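Input: a single structure, listed below in C-alpha cells.
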C-alpha cells in the first residue's frame, strides 16, 4: 500500500510519525516514575521528613488530572501542535526548576508545574 503523502520528520505539512506519538505518550509516565527512587536522598538533602517529599506524588497527580480537563478545549482553540510545544517547553523549564530548587516548597511548586506534561499524554492520543 503506497501513501500519497509520505511522513517526514520536522515537516509541519506531514502528519506526525508513529514513533513521535509513542515517545510523547511515554513522557508522562517517565516524569511520574523516574524520580521516585531518589525521594529518600532528596528528603535528606532538603533536611525534611520523608512524608514532605512524598507530597510530590499526589500533588503531581492532582495537577495532572486538573490539567487534562483543560487541555482538550484549549487545544481545540489554539491547535494541538502549539499547545503541545508550549507544554513541553514549560515542562522543561519546570524540570530545571526542580533540579535547582533551594527549598522543598519551591521543589513542590515546580513539581506541580511539571504536570503540564499531561499535554503530551492527552494530545498524542488525540492525534
Original post:
Within segment 93-104, can you find the residues that are part of a helix (DSSP H, G or I) and surrounded by 12 or more Cβ atoms within 10 Å (Cβ to Cβ)?
Top reply: 93, 94, 95, 97, 98, 104
**OP:** Answer yes or no: is there a residue in segment 18-28 that is at pLDDT 85 or above, over 13 Å from the mean Cα position of the chain (by Cα) and surrounded by 12 or more Cβ atoms within 10 Å (Cβ to Cβ).
**Re:** no
Original post:
Is it true that residue 72 is in a helix (DSSP H, G or I), modelled with pLDDT under 95, touching a helix residue (DSSP H, G or I) at 6+ places or on another chain (Cβ under 9 Å) and surrounded by fewer than 17 Cβ atoms within 10 Å (Cβ to Cβ)?
Top reply: yes
Original post:
Can you tell me which residues in segment 105-127 are touching a residue at least 60 places away in the same chain (Cβ under 8 Å) and either outside any helix (DSSP H, G or I) or over 10 Å from the mean Cα position of the chain (by Cα) (or both)?
Top reply: 107, 123, 124, 125, 127
**OP:** Answer yes or no as to whether residue 81 is at negative phi, at pLDDT below 95 and exposed (fewer than 13 other Cβ atoms within 10 Å of the Cβ).
**Re:** no
**OP:** Only residues that are in contact with a helix residue (DSSP H, G or I) (Cβ under 8 Å, 6 or more places away or on another chain) and either within 29 Å of residue 122 (Cβ to Cβ) or surrounded by fewer than 16 Cβ atoms within 10 Å (Cβ to Cβ) (or both): list them for segment 36-47, please.
**Re:** 36, 39, 40, 42
**OP:** For residue 31, state whether it is touching a residue at least 60 places away in the same chain (Cβ under 8 Å) and assigned to a helix (DSSP H, G or I).
**Re:** yes
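The values are calculated or read from the model by the stated rules, or taken from the named source; none is laboratory data. Since the structure is predicted, the reported quantities are computational estimates derived from the model, not experimental observations. Cβ sites come from the backbone with ideal geometry, for glycine too, and all protein chains shown count toward neighbours.
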